[in-house]
Amino acid sequence: MRPAFAVGLVFAGCCSNVIFLELLARKHPGCGNIVTFAQFLFIAVEGFLFEADLGRKHPAIPIRYYAVMVTMFFTVSVVNNYALNLNIAMPLHMIFRSGSLIANMILGIIILKKRYSVFKYTSIALVSVGIFICTFMSAKQVTSLSSSSENDGFQAFAWWFLGIGALTFALLMSARMGIFQETLYKQFGKHSKEALFYNHALPLPGFIFLASDIYDHVVLFNNSELYQVPVVGVIVPIMWFYLLMNVITQYVCIQGVFILTTECTSLTVTLVVTLRKFVSLVFSILYFQNPFTWWHWLGTLFVFIGTLMYTEVWNTLGTTKGQPQKEAKKS
């Protein structure tokens, strides 16, 4: 029952979170900092109350290690959200972030000296080709949409190119953080909830450097059109409603993934998260009418087939189906 409940939380929370993030980004593309701050603050307060026991519980992993992890986590979160302000459409944002497998493999080979099978290299090649196709077609759209003057077209493409650079940096940083976290868990044991709390609580002072931008968006949010919240009947500026829902759905999403990791194998978690990304992508394209050509669909297909190949889901399903037969022969 719990795995099914967790899958429901992941799909409901994560898919809804993407919807509210796109609603925020469409109205104010530069609102990434206030969104990140709100998410971090909410999860930090919740963790301080229920995980850290109001600060009375000592961390199992020394704070100095969390300081390193937090620096990377904070950077990845801010850069990923800020990329939406650099002419990066939400579908491309989702597809590009699916390239985490590539980043993990590259850094795994360089840092951990890992070696992979030909099957896994093939799956990564498919993901790479898929992301390249989507990125290339998006680049053509950016230049064609901004071709009113040569100057505007070049400027739009330059910002888009910077956005791709930001997403690439965030991917590599996220992969490096994953490797660092993996080594910590091997040394001190797995403490996911504790890590979740410290990853969100320790970076909060860093938002002082973004205070000016956050304040500007507070003013913009206050001046947005009024909206009557269903059921409750309270009237609030609509941007604050979107932000609140984004924070709540982000929390539901994280909780769903956490329950899933404790109840299911890593393969199942990867499969559920991949399918969730695909559903979010399709919904974003259809509901928000984001420009998406057949080339984009082909690239997306490559990305998701490559991801499923990497997890070796078909081999695992075949093994699971064949398991009772082997046990019957033994008996």
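The values are calculated or read from the model by the stated rules, or taken from the named source; none is laboratory data. What you are looking at is a predicted structure, and each value in this text was computed from that prediction instead of being measured. Backbone-built Cβ (ideal geometry, glycine too); neighbour counts: all protein chains shown. Only protein heavy atoms, including side chains, enter the accessible area calculation; ligands, DNA and RNA are left aside. Shrake-Rupley method; radii C 1.70, N 1.55, O 1.52, S 1.80 Å.
What is the sum of charges around ALA170, taking Lys and Arg as +1, Asp and Glu as -1, for the other residues whose C-beta is under 13 Å from the C-beta of ALA170? Provide the component values of the computation, followed by the final result.
Details: positive: ARG97, ARG176; negative: none.
With Lys, Arg at +1 and Asp, Glu at -1, the net is +2.
With charges set only on the Cβ (+1 for Lys and Arg, -1 for Asp and Glu), what does the dipole of the chain come to about its Cα centre, in debye to the nearest 20? Before the final figure, lay out each step's value.
Working: 22 positive and 14 negative charges, 293 e Å.
So the magnitude is around 1400 debye.
If the elastic network links every pair of Cα atoms under 10 Å, which of GLY163, GLY256, GLY55 fluctuates the most in the Gaussian network model of the chain?
With Cα springs under 10 Å in the chain, the top fluctuation among GLY163, GLY256, GLY55 is at GLY55.
Quick check on region 157-300: take the gyration tensor over C-alpha atoms, sort the square-rooted eigenvalues as a ≥ b ≥ c, and tell me if it's rounded (a/c under 1.5), prolate or oblate.
Working: a/c = 1.44, a/b = 1.23, b/c = 1.17.
Verdict is rounded for region 157-300.
Quick one: plug the Kirkwood hydrodynamic radius of region 196-236 (C-alpha pairs) into Stokes-Einstein at 10 °C, 1.306 mPa s, and report D in µm²/s. The partial results should precede the final answer.
Details: Rh = 12.8 Å.
The estimated diffusion coefficient comes to 124 µm²/s.
Can you list residues from other chains, or at least 5 along the same chain, whose modelled amide H is less than 5 Å from the amide H of TYR227?
VAL236, ILE238
Taking Cα pairs under 8 Å and at least six residues apart, what relative contact order does the chain come out at, in percent?
Working: 362 pairs, mean separation 126.8, N = 331.
After rounding, I find 38 percent.
What number, rounded to the nearest 500 deg cm²/dmol, is the helix-based mean residue ellipticity at 222 nm of the chain, given -39500 (n - 2.57) per DSSP H run of at least four residues and division by all its residues? Working shown, then result.
Details: 13 runs with 258 residues, N = 331.
Calculated mean residue ellipticity at 222 nm is -27000 deg cm²/dmol.
Would you rank GLU225, GLU182 by solvent-accessible area, highest first, keeping every protein chain in place and using a 1.4 Å probe? Could you put the intermediate results ahead of the total?
Details: GLU225 120, GLU182 75 Å².
The most accessible residue leads, giving GLU225, GLU182.
Over all alpha-carbon pairs of region 1-86, lay out the pair-distance distribution in 10 Å bins, whole %, shortest bin first.
Whole-percent P(r) values from 0 Å outward: 14, 32, 35, 18, 1.
Leaving out ligands and nucleic acids, and using a 1.4 Å probe, what accessible area per residue does the chain come to in Å²?
Working: 17710 Å² over 331 residues.
Using a 1.4 Å probe on heavy atoms only, each residue of the chain averages 54 Å².
Find the percent of Cα-Cα distances in region 48-107 that exceed 12 Å, and round it to a whole number. Before the final figure, lay out the partial values.
Values: 1366 of 1770 pairs.
When all Cα pairs of region 48-107 are counted, 77 percent exceed 12 Å.
Hey, what's the Cα Rg ratio for region 183-262 versus the globular rule of thumb, 2.2 N^0.38 Å? If you can, show how the numbers build up before the last one.
Working: Rg = 17.6 Å, N = 80, 2.2 N^0.38 = 11.6 Å.
Dividing the Cα Rg of region 183-262 by 2.2 N^0.38 Å gives 1.51.
Could you pull the accessible area for HIS28 with a 1.4 Å probe, rounded to 10 Å²?
For HIS28, the solvent-accessible surface is approximately 30 Å².
Give, in nm to one decimal, the length gained when the segment between TYR116 and ILE248 is fully stretched (0.36 nm per residue of separation minus the Cα-Cα distance). Before the final figure, lay out each step's value.
Values: separation 132, 0.36 × 132 = 47.52 nm, distance 3.87 nm.
So the chain would gain 43.7 nm between TYR116 and ILE248.
Hey, if you put +1 on the Cβ of every Lys and Arg and -1 on every Asp and Glu Cβ in the chain, which of PHE48, ASN87, THR307 ends up farthest toward the positive end of that dipole?
Toward the positive end, the furthest listed residue is THR307.
What does the charge add up to near PHE283, with Lys and Arg as +1, Asp and Glu as -1, over the other residues with Cβ less than 15 Å from its Cβ?
On the way: positive: ARG26, ARG276, LYS277; negative: GLU22.
Net of charged neighbours comes to +2.
Taking only Cα atoms of the chain, what ratio of Rg to Rh do you get with Rh as the Kirkwood inverse-distance radius?
On the way: Rg = 21.2 Å, Rh = 21.6 Å.
Radius of gyration relative to Kirkwood radius: 0.98.
Distance in nm between label sites at ASN222 and THR71, each 7 Å beyond Cα in the beta-carbon direction?
Calculated label separation equals 3.6 nm.
Could you give the C-alpha radius of gyration of region 1-48 expressed as a fraction of 2.2 N^0.38 Å, taking N as the number of residues it contains?
Details: Rg = 13.5 Å, N = 48, 2.2 N^0.38 = 9.6 Å.
Relative to the 2.2 N^0.38 Å estimate, region 1-48 comes out at 1.41.
For HIS28, list long-range residues whose amide hydrogen, built 1.01 Å from N in the peptide plane, is under 5 Å from its own amide hydrogen.
none
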